[in-house]
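The values are calculated or read from the model by the stated rules, or taken from the named source; none is laboratory data. All values derive from a computational prediction rather than experimental measurement. For neighbour counting, all protein chains shown are included, and Cβ atoms are generated from backbone atoms with ideal geometry for every residue, glycine included.
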Amino acid sequence: MNVAADHGASHEVRRGRKFDQVLEGARKIFLRDGFERASVDDIAREAGVSKATIYAYFPDKQLLFLEVARCECHRQTDEAEAMVEGDVPVQVALTIAAERIVAFHLSDFGQRMFRIVVGEGEHFPGLGRQFHDFGPGLIHARLVHHLGCYVASGALKIDDLDLAADQFAQLCKATIQDRLMFGLAETITPDLVHRTVHGAVEMFLARYGT
């Protein structure tokens, strides 16, 4: 598959009957082998499809990787949003959002995808930019939307929604991200997660709550 520096901007995902099979097979192989070492043969074998089927859907390996990331990020974000539908108090909504952000970072998928993007971004510079759009960028956009709704209802007072969304996401990673980066995942206990989540919500509301 072509992995050119233009990161396949002109390519589009083509869907078909075995699309989901290909995605699931690719997901397993990318998480096992990383981006560069993942082979079309292994993906085809894992997905139970032919190489021709993969090429028909994804002419670019980077496009396939990004679609795996996009689908997973959308799935997790949609699940979180389903939990805050209706008239949910802002503190409850922020707590749910913080819990899901932390859970994603602690998940096997989240950790492995982060390592892939950071480790291989130098060779494929477009990879990090597009992964950001499908992952952190998506979370940011959803946070901006929901924070705006709470501003409109009078529950929050925020002048700069973009900045506030970034601040909240960073608060949710306090302590936890550093421990993950330096190989200290075993020190991230349920108590630490609870303290981080509730600390993020309390600090955010202390700044922006009404």
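Restricting the stretch 176-207 to residues that are among the polar types (S, T, N, Q) and part of a helix (DSSP H, G or I), the residue that is surrounded by the fewest Cβ atoms within 10 Å (Cβ to Cβ) is Thr187. Close Cβ contacts (under 9 Å, 6 or more residues apart or on different chains) running from residues in the stretch 181-210 that are at negative phi to residues that are modelled with pLDDT of 95 or more and among the basic types (Lys, Arg) comprise Tyr208/Lys157; Gly209/Lys157; Thr210/Lys157. Here the stretch 38-96 is the region considered, the condition is being among the hydroxyl-bearing types (Ser, Thr, Tyr) and touching a residue at least 24 places away in the same chain (Cβ under 8 Å), and the residue that is farthest from Gly126 (Cα to Cα) is Thr95.
The residues of the stretch 107-129 that are crowded, with 16+ Cβ neighbours inside 10 Å and among the aliphatic types (A, V, I, L, M), listed by number, are Met113, Ile116, Val117, Leu127. The set of residues from the stretch 82-106 being surrounded by 16 or more Cβ atoms within 10 Å (Cβ to Cβ) and more than 25 Å from Ala26 (Cα to Cα) comprises Val84, Val90, Ala93, Leu94, Thr95, Ile96, Ala97, Ala98, Glu99. The test for being β-branched (Val, Ile, Thr) and either free of Cβ contacts under 8 Å to residues at least 24 places away in the same chain or farther than 30 Å from Glu36 by Cβ (or both) does not hold for Val102. Taken over the stretch 155-210, residues that are of a type in the set (Phe, Trp, Tyr) and within 21 Å of Ser107 (Cβ to Cβ) amount to 2. Is it the case that the stretch 150-163 has a residue that's in contact (Cβ under 8 Å) with a residue 24 or more places away in the chain, in a helix (DSSP H, G or I), among the hydrophobic types (A, V, I, L, M, F, W, C) and at negative phi? The answer is no; no qualifying residue exists. All of (1) at pLDDT below 95; (2) surrounded by 15 or more Cβ atoms within 10 Å (Cβ to Cβ); (3) over 17 Å from Leu143 (Cα atoms) hold for Lys173 with one exception: (3). If you go through the stretch 24-83 and pick out every residue that is at pLDDT below 85 and among the hydroxyl-bearing types (Ser, Thr, Tyr), you end up with 1.
Can you find a residue in the stretch 135-143 that is closer than 15 Å to Arg100 by Cβ, among the basic types (Lys, Arg), surrounded by fewer than 18 Cβ atoms within 10 Å (Cβ to Cβ) and touching a helix residue (DSSP H, G or I) at 6+ places or on another chain (Cβ under 9 Å)? Yes.
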